[in-house]
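Everything on this sheet refers to the single structure shown next.
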Amino acid sequence: MLWDGQQLDTSVAVDVPLTDTHGAIISAGDLGAALRSAVADLSDGEVEEAPRDAFGIPAVDA
């Protein structure tokens, strides 16, 4: 979950895989890089159209 720390309606959940295609655990550094890349590529339209979780927070696939 990402949040600007001020308004709850700015929250976005980013679904990042914890294992690679071979089932190996992805390192913390690689997960951080994947999250940074996913957030940098997010568009407002993608967040607006994303499915919502039970709390109404948009959940996008990294």
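Cα convex hull, the chain: 99 Å³ per residue, rounded to a whole number. The sum of -39500 (n - 2.57) across all DSSP H runs of n ≥ 4, divided by the residue count of the chain, sets its helix-only mean residue ellipticity at 222 nm to -9500 deg cm²/dmol.
Here, each number is a calculation from the coordinates, and none is a lab measurement. Given the structure is predicted, the values throughout are model-derived calculations rather than measurements.
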